[in-house]
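*Asks:* Got a structure for you, written out below as structure tokens; questions coming shortly.
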């Protein structure tokens, strides 16, 4: 789905929640990796805390298109290598476009257009800020968040609050109406 047909609120929501520095890094956000490493090291004794990740949109796309979901260092290394190459060969705009068209939002629901219709009965170009935040909140684990509505709403509220501070980068056009 062309980015011009995606609501700017969804673009901003996804960028703020999943990869705020997407247009600044070269496939891997090394600052985010270090932050996640420090946080995880500080919280390893508390097994109730979720492990914090640092995958960029490019890394997530590489994993979703070419790799399995196994949690191994070997897979993570291949994901990083693919992300760096992908970032050098494919324009950022196209990476974001493919990501939004391929990401899973639930069982047999792939892409923001299908998810917008399935959850709200409208196209991705017409999403409100609240709807965009709710869709984006599903990305890390659609099945888990759908099964835990309070956690889903809490994450969506956090994303919606972040929207105001996430500018839409130049070159990402508003949807055609």
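Read-outs: derived from the displayed coordinates by stated rules, not from any lab. None of the values given here were measured: they were computed from a predicted structure. Every residue, glycine as well, gets a Cβ built from its backbone with ideal geometry; the counts of neighbours run over all protein chains shown.
*Asks:* Explain nothing, just the number: relative contact order of the chain, from Cα pairs under 8 Å at least 6 residues apart, as a whole percent.
*Replies:* Relative contact order comes out at 35 percent.
*Asks:* Could you rank the peptides 60-69, 3-12, 151-160 by their average count of other C-beta atoms within 10 Å per residue, with the highest value first?
*Replies:* 3-12, 151-160, 60-69
*Asks:* Shifting gears a bit: Under the rule of -39500 (n - 2.57) per DSSP H run of 4 or more residues, summed and divided by the residues of the chain, what mean residue ellipticity at 222 nm is obtained, to the nearest 500 deg cm²/dmol?
*Replies:* -17500 deg cm²/dmol
*Asks:* Starting from 0.36 nm per residue, how many nanometres of slack lie between residue 38 and residue 81 once their C-alpha separation is accounted for?
*Replies:* On the way: separation 43, 0.36 × 43 = 15.48 nm, distance 2.25 nm.
Full-extension gain reported as 13.2 nm.
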